[in-house]
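Remarks on the structure that follows.
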Amino acid sequence: MSGLKPTCKEVHRLVSEGMDRELSLAERTRMRLHLMVCGACTRFNNQMDTLRKAMRVFPGDEP
Ligand SMILES: [Zn+2]
């Protein structure tokens, strides 16, 4: 954690970690504040979101 403004690198990390675990309120707040001002991270977040939804739709091969 470094200062109030998270960098793109940190936000990318949080978005990726959000796939595997529940982020804390502080982490989500930092992420959202950054997404409001950064188009690149917003796109990255949307891509990950789409991926996450796609994985739910296709839960893997039947045994
Ligand atoms: Zn960014």
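Which of (1) touching a Cys at 6+ places or on another chain (Cβ under 9 Å); (2) more than 15 Å from the ligand (Cβ to nearest atom); (3) of a type outside the set (Lys, Arg) does VAL15 not meet, given it meets every other one?
(2)
Which pairs turn up if I take residues in the stretch 36-60 that are under 13 Å from MET19 (Cα atoms) and look for partners that are small (Gly, Ala, Ser) and at pLDDT 90 or above with beta carbon separation below 8 Å, at least 6 apart in sequence or on another chain?
MET48/SER16; MET48/GLY18
Please pick out the residue among ARG21, ARG56, ARG43 that is modelled with pLDDT of 95 or more, among the basic types (Lys, Arg) and loosely packed, with under 13 Cβ neighbours inside 10 Å. Write out each step before concluding.
Details: ARG21 fails: modelled with pLDDT of 95 or more; ARG56 fails: modelled with pLDDT of 95 or more.
Checking each option against the conditions leaves just ARG43.
Kindly provide the set of residues from the stretch 21-43 that are in contact with a Cys (Cβ under 7 Å, 6 or more places away or on another chain) and either of a type in the set (Phe, Trp, Tyr) or more than 8 Å from the ligand (Cβ to nearest atom) (or both), ordered by number.
none
The values are calculated or read from the model by the stated rules, or taken from the named source; none is laboratory data. What you see is a predicted model; the values in this text were computed from it and never measured. No Cβ is skipped: glycine too gets one built from the backbone with ideal geometry, and neighbour counts run over all protein chains shown.
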